[in-house]
């Protein structure tokens, strides 16, 4: 119920933002498009929340609900940055050479969040209880076909059979491999930001959040997914996403 009340409050706030954005559409710096997009996303999130209950935690629906929440956070942050910049007239140093790297970093983080959501919604977090190995080997037996079949029920294959352990292992292992890719890329990007005038603060933020998220991920495996660490890992993903959104906003400013 607390989640529903929080969602309802957020929905009302976004509705208020959309109304204000529409009423001041002629004076607003970016127009009413972003507030209206946020409102549409909130409505879709409400539908996903309803389907999460009625579809009995179907993995695709629950994962989409998670991604919708992350998208809502990203759009709210982008709107806040836009309005804050408009009010304070704060302009940042041009860094066109960072644009492609920042966009790719954002795409990688979103992909990793989607994979993490797929791990969570399929209850595959404990498919590998050791690290860095998985079930005592680097490449365990895996079933990718059933693992990434999207349209199926929780714990079942598309044909209704019990989802095999090899499928859960494939889901977990893929999330780990992607985590390595994201870590290497964002680590390189953070170092690049630290060496770019005006972006050292963002580089340090991304680096610290990345290190924290990796530590939380490994700790969840070694400590068998305690609730507090699992929540912290989700929070860390949201913060890392926010950092990448802020970076893309800054490098995109004219």
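Nothing in this text is a laboratory measurement; each read-out follows from the coordinates by a stated rule. A quick note: this is a predicted structure, and the numbers were derived from the prediction, not measured. So basically every Cβ, Gly included, is an ideal-geometry build from the backbone, and we count neighbours across all protein chains shown.
Helix-only estimate, please: 222 nm mean residue ellipticity of the chain, summing -39500 (n - 2.57) across DSSP H runs of length 4 or more and dividing by its residues, to the nearest 500.
So the helix-based figure for the chain works out to -25000 deg cm²/dmol.
Provide 109, 2, 103 in ascending order of the number of other Cβ atoms located within 10 Å of each residue's Cβ, fewest first.
Exposure proxy ranking, most exposed first: 2, 103, 109.
What whole number of Å gives the distance from the Cα centroid of the range 108-186 to the Cα centroid of the range 36-87?
Spelled out, the Cα-based centre of one part sits 24 Å from the other.
How much length would be gained if the chain were fully extended between residue 129 and residue 80, taking 0.36 nm per residue of separation minus their Cα-Cα distance, in nm to one decimal?
13.6 nm is the gain from fully extending residue 129 to residue 80.
Which option, (i) -0.58, -0.81, -1.16, -1.26; (ii) -0.60, -0.75, -0.96, -1.03; (iii) -0.48, -0.69, -1.06, -1.18, is the value of log10 I(q)/I(0) by the Debye sum over Cα atoms at q = 0.10, 0.12, 0.15, 0.16 Å⁻¹ that was calculated from these coordinates?
Working out log10 I(q)/I(0) by the Debye sum over Cα atoms at q = 0.10, 0.12, 0.15, 0.16 Å⁻¹ from the coordinates points to (i).
So, R0 is 41 Å and r is the distance between the beta-carbons of residue 137 and residue 47; what FRET efficiency does that work out to, to 0.05?
Efficiency at R0 = 41 Å is approximately 0.45.
For residue 253 and residue 151, compute 0.36 nm times the residue count separating them, minus their Cα-Cα distance, and round to one decimal in nm.
Extra length from residue 253 to residue 151 when fully extended: 32.7 nm.
Can you give the FRET efficiency for residue 7 and residue 188, using 1/(1 + (r/R0)^6), R0 = 35 Å, r = Cβ-Cβ distance, to the nearest 0.05?
Efficiency computed from Cβ-Cβ geometry: 0.40.
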